[in-house]
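What follows is calculated from the coordinates using simple rules that are stated; it is not laboratory data. Bear in mind the structure is a predicted one, so any value in this text is a computation, not a measurement. Cβ placement follows ideal geometry from the backbone for every residue including glycine, while neighbour counts extend to all protein chains displayed.
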Amino acid sequence: MSDTAAPPARSGRRSLRRVLGTVLVLAVVLGAGSYVASRAMEIPAPTRLARIALSEPSRQGDFFPAHTVGASTRPIAFPAGGGDLPADVPWKGDRISLEEFLETTSSKALVVLQDGKLVEEWYADGIDASTRMSSWSVAKSVISLLIGQAIDRGELGEDDRLVDLVPELKSGNEYDDITVHDLLDMTAGVDVTENYKAYWPFIGTARMLLTTDMPGFLDDNRKVEFTPGSEGAYRSVNTQLLGAILMKIEGKPLADVLSRRLWGPMGAQSSATWNLDTTGGVEKAFCCLNATALDFAHLGQLVLDDGQVAGREVVPAEWIDRIATPAEHPVGEWDYSAQWWHPSGGIGPDYSAIGVYGQFIYVNPTTRTVVVKLSDHGTEQDEAETFEVFRTLAGQDPTRP
């Protein structure tokens, strides 16, 4: 086995598919009464929950309402690059072919860019360059870029309190001390558990995923489990609150903000969708941005290029520095900064957006490499080992001198 540090717990070790499967079982047992219960708990009806439970995680965005993010009016295609990727990669103390790695980790798409050029583009059967797949928590890192832009425009600051920006969330307790900085670095301490409970999945992040009333969910969860800013603890609700801030200051749905601020300027080649709590409702900022592997690669290249596209600033370079510099408090075993992960064990500085079930946008500034991998793997399975593969693809094999 690799001696790379294990990844920090982010969303519990139980598969969300298992959680939703439990919902399905409950629905079958309860029969018609489950429809009444689902309305009372403000979650989707059992028939839709059943379809979600039986679907692949990468395609679950197809089962929720969504706002559309239009493709750029000036799309940018990556030029073809030269060079060969390694013939084999490290895997749990052994070496296997890249093809075996992709199969072992239930991969759906792999894109590798080096110095802005496309050196690898692979898709599983039934997937192609136009297929939109779910980001899961990779969306958190996208929210970070939008927040960095808003700070640069002077519309908010990291020291601003959440409740000053979104006054309807004032609670009269320590929750009111949460700042934008705390939310960004996962030090806010909002008491919404990240663990899914198979026997009762209607709490915590699982409930936030299923809710049909996101504003009501946030209103119901205005408590903290520790003093804001005092320690790191991964909580998806922090990103949902950042999304609420963006929607408040922009006065628009997040999909529209993304389209105007990032998707269009970076040259996205395809449209995307962002799932909502209900039809015409609020985007799930903490997850559920559905896009092609190539457009996720555009996001990675934007970060690699210090926030510039074709010489024009899209995200301020200062914000890329913020992302690239580990924050004061680690989150679990790994460093973290402004909604981006800093996995341990690398030869040089690198960082990544990560989503459950094996979604990654990996950025290696030293070798100017971006790797996008979209998958249907385990909840947080084999993440440290996967980063060994990414570093090898970037020319920094951590298992060889």
Problem - Those residues of segment 254-273 whose amide nitrogen sits under 15 Å from the label point placed on SER55, 7 Å along Cα→Cβ - result: 273
Completion exercise
Fewest to most Cβ atoms within 10 Å: HIS329, HIS377 sort as HIS329, HIS377
Exercise for the section: Any chance you could get the radius of gyration and Dmax over the Cα atoms of segment 223-380, in Å? Expected result: 16.0, 46
Handout entry: Stokes-Einstein D in µm²/s, Kirkwood radius over Cα pairs - segment 311-362 at 37 °C with 0.692 mPa s viscosity
Key = 273
Fill in the blank from the handout: Note, ILE147: beta-carbon cut-off 14 Å, +1 each Lys/Arg, -1 each Asp/Glu, net -4
Completion exercise
Under a Gaussian network model of the chain whose springs join Cα atoms within less than 10 Å, the largest fluctuation of GLY157, GLY311, GLY204 belongs to GLY311
Handout entry: Stokes-Einstein D in µm²/s, Kirkwood radius over Cα pairs - the chain at 4 °C with 1.567 mPa s viscosity
Key = 61
Handout entry: Rg ratio (alpha-carbon, reference 2.2 N^0.38 Å) - segment 80-211
Key = 1.50
Problem - Above-threshold pairs, the threshold being 21 Å between Cα atoms, out of LYS108/LYS284; LYS252/LYS284; LYS117/LYS140; LYS92/LYS140 - result: LYS108/LYS284; LYS117/LYS140; LYS92/LYS140
Practice task
Scan segment 303-371 for trypsin sites (Lys or Arg not before Pro) in coil per DSSP, keeping those whose Cβ has at most 16 other Cβ atoms within 10 Å, and list them by number.
Solution key: none
Exercise for the section: List SER106, SER236 from most exposed to least, where exposure is judged by having the fewest other Cβ atoms within 10 Å. Expected result: SER106, SER236
Problem - Residue-wise HN-Hα coupling along segment 218-224, computed from phi with Karplus coefficients 6.51, -1.76, 1.60 (Hz; x: Gly, Pro) - result: 5, 5, 7, 10, 9, 9, 10
Practice task
Averaging sequence separations of C-alpha pairs under 8 Å and six or more residues apart, then dividing by the length of the chain, give the relative contact order as a whole percent.
Solution key: 26
Practice task
Give the calculated FRET efficiency between THR73 and ASP321 to the nearest 0.05, with a Förster radius of 30 Å applied to their Cβ-Cβ distance.
Solution key: 0.50
Exercise for the section: Give, in nm to one decimal, the length gained when the segment between ASP152 and THR367 is fully stretched (0.36 nm per residue of separation minus the Cα-Cα distance). Expected result: 74.6 nm
Practice task
Could you tally the net charge around ASP177, taking each other residue with its Cβ under 13 Å from the Cβ of ASP177, Lys/Arg +1 and Asp/Glu -1?
Solution key: -2
Problem - Neighbourhood charge, 9 Å Cβ-Cβ cut-off, centred on TYR362 and excluding it, Lys, Arg +1 and Asp, Glu -1 - result: +1
